[in-house]
Amino acid sequence: MSVSFSLEGRLSVVTGASRGIGFAMAKALAEAGSDVIAVSASIPASGSAIGDAVEAAGRRFEAIACNFADPAAVDELGRTLAGRPVDVLVNNAGTIERAPAVTHPLELWDRVLTVNLSSQFRLTQAVAAGMIERGRGKVIFTASMLSFQGGVNVPGYTAAKSGVAGLTKALANEWAPLGVNVNAIAPGYIATDNTQALQDDPVRSRSILDRIPAGRWGEADDLAGATVFLASPASDYVDGIILPVDGGWLGR
Ligand SMILES: NC(=O)c1ccc[n+]([C@@H]2O[C@H](COP(=O)([O-])OP(=O)(O)OC[C@H]3O[C@@H](n4cnc5c(N)ncnc54)[C@H](OP(=O)(O)O)[C@@H]3O)[C@@H](O)[C@H]2O)c1
């Protein structure tokens, strides 16, 4: 049996594709053969860097702006995408708010839970309905080390990412028999805007680095291989996993 990592002729939707991890995931999917619809809060309809990267790989590109803090906008996006033959949905858009738990403003808690968990579920319901009808599809969530651990000063983020891990398994249980693989990637500490505050704090930055067996912070491109694997036929018998890509952080 030959193993296929090819995404030739596939259509992938990547949320949070304007920058950081989502950018690297969308680029990797295009390089593996997939057309890409990129979604983010502020992505322009044309002229984005991710659009240039996808087209440079010879694939078709489309951008849709959608604010995941707005449930009505997510439902509208879901209706738009329900009409498209989406093969791969990467639920990667996410935000983080840092404040000590005892004074953590509830509005930050609500926003993080909405963007990072509830909107992911709404959109996945809408897109997966078509996948189930076609009997084929790949759903990939971006989880976190805080799907396994508690973190510090990020109670809403941890609750949301732990929820993403549970949701991944719950959906996999229902949809694996229907031909739809649902899995998650848990990035370790990756140098993006999301972790800028940690990178800028010399004490936190050093203590994080000291715990990473690979001896470096991750780059967004470190997520490319796992993304293509979980989007491709090579992972057809992989369901409900949370795949760490963390330079060994969790094993330490
Ligand atoms: N960096 C890490 O170490 C790390 C580790 C574990 C998990 N993660 C997760 O990885 C994912 C990507 O993070 P990143 O590190 O690449 O962060 P990033 O560089 O800050 O990128 C965040 C992406 O999400 C989009 N986004 C944020 N809020 C949104 C909203 N309300 N509606 C729609 N799109 C929104 C942004 O769109 P705009 O550009 O339009 O604002 C951007 O494309 C997130 O789910 C994050 O929690 C990151």
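Of note:
- Only residues that are within 12 Å of the ligand (Cβ to nearest atom) and within 17 Å of N194 (Cα to Cα) were counted across region 136-157, and they come to 11.
- Residues of region 77-113 satisfying the condition of being touching a helix residue (DSSP H, G or I) at 6+ places or on another chain (Cβ under 7 Å) and of a type in the set (S, T, Y): T95
- When residues in region 96-139 are screened for being of a type outside the set (A, V, I, L, M, F, W, C) and in contact with a Pro (Cβ under 6 Å, 6 or more places away or on another chain), 1 of them pass.
- Strands (runs of 3 or more DSSP E) wholly inside region 23-106 that include at least 2 residues being surrounded by 15 or more Cβ atoms within 10 Å (Cβ to Cβ) and β-branched (V, I, T): 35-40, 88-91
- For region 1-22, filtered to residues that are open to solvent by 50 Å² or more (accessible area, probe 1.4 Å) and of a type in the set (A, V, I, L, M), the residue that is modelled with the highest pLDDT is V3.
The values are calculated or read from the model by the stated rules, or taken from the named source; none is laboratory data. Note that the structure is a prediction, hence the values are computed from the model and not measured. We place every Cβ from the backbone using ideal geometry, glycine too, and count neighbours over all the protein chains shown. When the accessible area is computed, the model is the full protein with side chains, heavy atoms only, and any ligands, DNA or RNA have been set aside. Shrake-Rupley method; radii C 1.70, N 1.55, O 1.52, S 1.80 Å.
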